[in-house]
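A short worksheet on the structure shown next.
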């Protein structure tokens, strides 16, 4: 049955929905959730109240959600509705992403909004969607929109690091790290910055290093280190290497030690790269005699 096209009735039903689940079910049974394009804003607000903490109704709404038009007027409320549903039905995120590109694109366009309220709901929704789903999102988004998503994740990681919050797997999952390593191509510094944050999570470092080695990420970054002249880019790569020096990576670092040492020959007024190279040297000497011997040889050759 289609709900009558009346603002007043919508408002009345929204108020009645606050009485609890049994009342929500009663209203759902009587009025349903058929799409109403005549009063789209009131209709979506009705869906929000009707489905709060009611997973059965939420599952029904998910089936019609892709058919609901999104506008500047309704966009925020569709994000609110999506947030509520995915908070209670996290296992539905993959299908939600597949079926609701209109809401996802609106959310990405709102993440840099000067409207604090709009930004807040976009932040909440993107935060729910991207964990464990980077590969899926990348397959559906344009390059520009994917870059917006990476910028968002990077900002989240920076804030989490400052607050000493968990990074892996709370913000970046193991699945996401593996995807980022496989997807990485030369000079993709946004991806490397994100992966750099992942190497700072000591309790998950062994898993992260295994992925870096198995996907070839460690091998890929030495040529980038060799050719880039940007101090910031070198610092990111060197920090990744310094954080991941271990039995699994020391042979690769030893093989590329000359590249690592040359990266410290930048402007002494920008000493960040030197600091990370010193960390690599200190840890490498303790791990490998071959590393130590090659370091001595390169030092004497230069002298």
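Worth a mention:
- Total residues in the range 155-173, condition surrounded by fewer than 16 Cβ atoms within 10 Å (Cβ to Cβ) and touching a residue at least 24 places away in the same chain (Cβ under 8 Å): 4
- Helices (runs of 4 or more DSSP H) within the range 217-303 that include 2 or more residues closer than 24 Å to residue 194 by Cβ, within 34 Å of the chain's Cα centre (by Cα) and without any contact (Cβ under 8 Å) to a residue 40 or more places away in the chain: 217-227, 231-243, 250-255, 257-262, 272-287
- Residue identified as farther than 29 Å from residue 163 by Cβ and crowded, with 17+ Cβ neighbours inside 10 Å among 256, 196, 243, 182: 256
- Selection from the range 276-303 of residues that are over 17 Å from residue 242 (Cβ atoms) and loosely packed, with under 14 Cβ neighbours inside 10 Å: 289, 293, 296, 297, 299, 300, 301, 302, 303
All of the numbers you see were taken from the coordinates with simple rules; none came from a lab. Source: prediction; values computed, not measured. Here the Cβ is made from the backbone with ideal geometry for all residues, glycine too, and neighbour counts use every protein chain on show.
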